[in-house]
2 protein chains.
Amino acid sequence: MAQKPSVPRGTRDFSPAEMLRRNYIFDIIRRTFSLYGYLPLETPAMENLSTLLGKYGEEGDRLIFRILNSGNFLSGMEPSTLVGADSASLAKHFSEKGLRYDLTVPFARYVVQHRNEISFPFRRYQIQPVWRADKPQKGRYREFFQCDADVIGSDSLLNEFELIRIIDHIFSELKINVIIKVNNRKILAGIAATAGAGDRITDITVAIDKLEKIGSEGVRQELLQRGITPDVIERLDPFLSLRGSAASKLSGLKREIAASPEGQKGLAEMEELFSYLGMEPTEARVELDLSLARGLNYYTGTIIEVKADDMVIGSICGGGRYDDLTGIFGLPGVSGVGISFGADRIYDVMLHLGLFPEQTGAATEVLVINFGGEELMELIKIAAALRDAGIATELFPDAVRLKKQFSYADAQNIPMVIIAGSNELKAGQATVRNMKTGEQTTMSLSALPEFIREVKSH
Amino acid sequence: MAQKPSVPRGTRDFSPAEMLRRNYIFDIIRRTFSLYGYLPLETPAMENLSTLLGKYGEEGDRLIFRILNSGNFLSGMEPSTLVGADSASLAKHFSEKGLRYDLTVPFARYVVQHRNEISFPFRRYQIQPVWRADKPQKGRYREFFQCDADVIGSDSLLNEFELIRIIDHIFSELKINVIIKVNNRKILAGIAATAGAGDRITDITVAIDKLEKIGSEGVRQELLQRGITPDVIERLDPFLSLRGSAASKLSGLKREIAASPEGQKGLAEMEELFSYLGMEPTEARVELDLSLARGLNYYTGTIIEVKADDMVIGSICGGGRYDDLTGIFGLPGVSGVGISFGADRIYDVMLHLGLFPEQTGAATEVLVINFGGEELMELIKIAAALRDAGIATELFPDAVRLKKQFSYADAQNIPMVIIAGSNELKAGQATVRNMKTGEQTTMSLSALPEFIREVKSH
């Protein structure tokens, strides 16, 4: 057992300091979701493979972590099945369950399974880890957290509007400057149709989606590879490089894609959305970005993506409307729209930009020095009184050297230390040391909770 | 895809109503842990099998969910390895990772791995799901949550005392009447030695641990099966059936097991613990129960178990001191003590006894009826103003029949509905309907937030 223990590649421990910062993010997200009437939901880490497979494309299927059947997973298998089999076909015999890959498919599965208990429109949020057998690299993990809010069972664009307000609310509370990019799949379909490739909308969006990553020449190459003809690409180009305000883009488009009924519908939806945003403007800039595509092919209307202004990093939030997510599980025709926050990237942005408050979350506020001996009972009572007053308090458990106890307080960033030796206790007093300033104040024991509450609130 | 979707056996979805109740429990546990200086920690769902295997006994190893290696897990395997192999030996080739089985072993792994970054004594809490491939049955799940608090790197019995106070604090906040049973492994060892079977302490504790489940005759049979001689069993019996106060049990034992130094040490520890409890008594009864053994063989000192008074169910919290948990990972001689709350059983107890507050947690407080048309913009502003005041608000997204919107509010248990049609809005007013009493109050729009806050606080 001399081998140094470790965690699997691509997974992480979260230390107390990291957890306090992470909870700061999760708390703001959770509180905002609730404020807009979204309710918490949790689904199991494991799903049946029949639920997961075929929902994320071929590549996605390969990235699903599979769980070995428990017990004797070979029982009933012919030896001949084993020999010469490839791992993919063999896995079917060994494994019926997988770890959840995102929160959207489990949500769709939940809605269909519980449709008779749900009142629609159903607004839920879900903050849970997901797992992907991706090659780990900087900023990409095999276990990471998603924070999703979706409303299902309503076509209204008020939902999109409110989700954008939720995004704005969360990032302004986190003090991250962002730009919220929106587009509409129907507009993209209208553009594709106008360019003479209405049947190739999937190829076109998948390629456009990579614009930021591979540049416009890269997109051009990708489109060519996908068999889009050069003249179509030529006709697509001016749309994707349109500049100006949302209103001017929309009015330009209205003429350009007049012949596409779907495109016109997308424009009307976008106008309605911007009219709501005009009435109740967001702090962040909302930009109509015609090059925004989002690769996932279940989106059918509005699409949304959020980028940090002050740091180069992928999108930190994204989402969109899907008209038939639950169809795959046998409940067609239910429209929904949702957004997903990437907690790990948000964490990286906040750390990089120094946006976490100094004292994040509920860390210990007071350490009571343990002098042992007969005074211990008094110290126990001091700690109990502070806790009764709602102050997070530790009594150092061992009566070791003062130096050791103080360096513990330092290492733990505990802001206040209470020193009450036998002389002080005889006088019914204790000394509070402010660990940052070094200032020491002596007071009666009964004044302690009030004093510490005062220091806390400053 | 006509097949009705479902979750894997032994796993569960948690609906919004269930989540609000579960969060009520988790919040109280988390807040109390923090109040005593315990800090949050999270470890990955997956651990290397080398971390997990051999820590939970043979049966435990079988119950670990294993994750199939990703990619081509057959690569490098000889076909001959496959044929005739049993599943256990084959699994070694396919699988290097497993799902965490409890929170204690990952915690020990964390402490050893990060020992140079940790200041001891290290107090951490951890609230995460664990997975066991157990046969699912009523009240036993394959995915369930543990809530653990441990302090490591301190021998002091003040830690045990504070953990008992944490237990008391949590259950009294949850309004569950409990009895807290304590014992000490060293006392059990002293009893075993006195009975002439000091070398059989493990067999004896494992058997005694089942007392509640199989009765004293069952324990007797189990002890016989484990090769404990009838005369030893005869001598053990009076100890386990000792009655009376902790003080009287302790003073009786002092004579009876005088010849066992380890037993005497256990008695001294128990006396110290009860002296602290005498100074700062708990609300719940703390009972010295000499038949309490707790099966896990890493416990070396104090052991703790909590039972609900008003419902027959297994223990809802338990724990104890271990002197060498991190030894298995190469860091010997570090003593720790911890407790673990079973959130699922606590949930069942609270539901059964009706202990959840009526309005648990942050559910939606107000529904604004959507009349559509030109008034919509006004309704958007009303919803925004309520949210600015911290009131969880939904604006119904579609302008459907009033009846449908009201029955949605009913189904969601939303306590207040705001009705503001064109006439009311022209007068700058709105009507609030209390959905429980049916009472309606009309007021100016600016008075809404204050009115709703008042109703909320009653």
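The values are calculated or read from the model by the stated rules, or taken from the named source; none is laboratory data. Small disclaimer: the values here were computed from a predicted structure and weren't measured. Reconstructed Cβ throughout: ideal geometry from the backbone, glycine too, with neighbour counts over all protein chains shown. The area values use the complete protein model at the heavy-atom level, side chains included, leaving out ligands, DNA and RNA. Shrake-Rupley method; radii C 1.70, N 1.55, O 1.52, S 1.80 Å.
Rounded to the nearest percent, how much of the accessible area of chain B (1.4 Å probe, protein heavy atoms only) is carbon and sulfur?
Result for chain B: 50 percent of the exposed heavy-atom area is carbon or sulfur.
For the protein assembly as shown, what is the largest minus smallest coordinate of the Cα atoms on each principal axis, given in angstrom and ordered from greatest to least?
Principal-axis extents of the protein assembly as shown (Cα, largest first): 100, 77, 53 Å.
Not counting ligands, DNA or RNA, and with a 1.4 Å probe, what is B:Thr229's accessible surface area in Å² rounded to the nearest 10?
Here the residue's solvent-accessible area equals roughly 60 Å².
Note the buried accessible area between A and B here, summed over both chains, with a 1.4 Å probe, in Å² to the nearest 100.
8900 Å²
Where the label is 7 Å out from Cα toward Cβ, how close does A:Asp237 come to the same position in every other copy, in nm, shortest first?
Those separations, rounded to one decimal, come out as 9.8 nm.
What is the average number of partner chain Cβ atoms found within 10 Å of a Cβ in A:10-23? Walk me through the numbers before you get to the answer.
Details: counts 2, 7, 3, 10, 7, 9, 10, 3, 3, 7, 3, 0, 2, 3.
Mean partner-chain Cβ count within 10 Å for A:10-23: 5.
Please calculate how many Å² of accessible area segment A:10-170 carries per residue, with a 1.4 Å probe and no DNA, RNA or ligand atoms counted.
Accessible surface, normalised per residue, equals 33 Å².
Please report, in debye to the nearest 20, how large the charge dipole of segment A:1-73 is about its Cα centre when each Lys and Arg carries +1 at its beta carbon and each Asp and Glu carries -1 there.
260 debye
Per residue, what accessible area does segment A:364-457 have, given a 1.4 Å probe and all protein chains present, in Å²?
On the way: 4380 Å² over 94 residues.
Result: 47 Å² per residue.
Taking the full set of protein chains and a 1.4 angstrom probe, give the accessible area of A:Val366 in square angstrom, rounded to the nearest 10.
In the full protein context, A:Val366 sits at about 0 Å².
Mean Kyte-Doolittle hydropathy of -1.0 or higher plus an axial Cα length of 20 Å or more: which whole DSSP H helices in chain A meet both? Please report the intermediate quantities before stating the final value.
On the way: long enough: A:16-35 (28 Å, -0.12); A:158-174 (24 Å, 0.53); A:261-279 (27 Å, -0.34).
The answer, listed by residue number, is A:16-35, A:158-174, A:261-279.
Placing +1 at every Lys and Arg Cβ and -1 at every Asp and Glu Cβ, with all other atoms neutral, what dipole size does segment B:264-334 have around its Cα centre, in debye to the nearest 20?
Once rounded to the nearest 20, the dipole reads 260 debye.
Debye calculation, C-alpha points only, no solvent: report log10 I(q)/I(0) for segment A:127-212 at q = 0.10, 0.11, 0.25, 0.26 Å⁻¹, in the same order as the q values.
The calculated log intensity ratios at q = 0.10, 0.11, 0.25, 0.26 Å⁻¹ are -0.44, -0.54, -1.12, -1.13.
Calculated from DSSP H runs of 4 or more alone, at -39500 (n - 2.57) each and per residue, what is the 222 nm mean residue ellipticity of chain B, nearest 500?
Helices in chain B give a 222 nm mean residue ellipticity of -12500 deg cm²/dmol.
Restrict the search to segment B:104-148; then list the trypsin sites (Lys or Arg not before Pro) that DSSP places in a loop and that have at most 15 other Cβ atoms within 10 Å of their Cβ.
Working: sites: B:Arg109, B:Arg115, B:Arg123, B:Arg124, B:Arg132, B:Lys138, B:Arg140, B:Arg142; in loops: B:Arg115, B:Arg132, B:Lys138, B:Arg142.
Here the sparse-neighbourhood loop sites are B:Lys138.
At 1.4 Å probe size, put A:Glu162, A:Glu454 in order of accessible surface, largest to smallest.
Descending order: A:Glu454, A:Glu162.
Per-residue HN-Hα couplings for segment B:426-437, Karplus 6.51 cos²θ - 1.76 cosθ + 1.60 at θ = phi - 60°, whole Hz, x for Gly and Pro?
Karplus-based 3J(HN,Hα) across segment B:426-437 equals 4, 7, x, 10, 8, 10, 9, 9, 7, 6, 8, 8 Hz.
Partner chain Cβ atoms within 10 Å, averaged over the residues of B:157-167 - can you pull that number for me?
3
Using the Cα centre as the reference, give the magnitude of the dipole from point charges on the C-beta atoms of segment A:364-457 (Lys, Arg: +1; Asp, Glu: -1; all else neutral), rounded to the nearest 20 debye.
With only Lys, Arg, Asp and Glu charged at Cβ, the dipole is about 200 debye.
Quick one: Cα convex hull volume of chain A, Å³ per residue?
Dividing the Cα hull volume of chain A by its residue count gives 226 Å³.
Just to be sure I follow: if Rg is taken over the C-alpha atoms of segment B:364-457 and Rh is the Kirkwood radius over the same atoms, what is Rg/Rh?
0.91
Ordered shortest first, which distances in nm separate the 7 Å Cα→C-beta label point of B:Asp86 from those of the other copies?
3.3
Sorted by accessible area (1.4 Å probe), largest first, how do B:His458, A:His93, A:His352 line up?
Per-residue accessible area, sorted high to low, gives B:His458, A:His352, A:His93.
Where does each of A:392-401, A:236-245, A:283-292 land if you order them by average Cβ count within 10 Å, highest first?
Put in order of decreasing packing, that is A:392-401, A:283-292, A:236-245.
Calculate the mean, over all residues of peptide A:394-402, of how many other protein chain Cβ atoms lie within 10 angstrom of the residue's Cβ.
5
How big is D, in µm² s⁻¹, for segment A:10-170 by Stokes-Einstein at 20 °C and 1.002 mPa s if Rh is the Kirkwood radius over C-alpha pairs? Don't jump to the answer; show the numbers that get you there.
On the way: Rh = 18.3 Å.
Rounded, D is 117 µm²/s.
Where the centroid of each part is defined by its Cα atoms, how far is segment B:109-168 from segment B:422-437 in Å?
Rounded to whole Å, the Cα centres lie 51 Å apart.
Could you rank B:Ser335, A:Ser422 by how accessible they are, 1.4 Å probe, largest area first?
Most to least solvent-accessible, the answer reads A:Ser422, B:Ser335.
Under a 5 Å amide H to amide H cut-off, with H placed in plane at 1.01 Å, what residues pair with B:Val368 once short-range neighbours are removed?
Those lying under 5 Å, H to H, from B:Val368 are B:Glu394, B:Leu395, B:Phe396, B:Ile418.
Which of the lysines could be linked to B:Lys135 by a straight reach, that is with a Cα gap under 18 Å, when you skip same-chain ones fewer than 8 residues away?
Within the straight-line cut-off, B:Lys135 pairs with A:Lys97.
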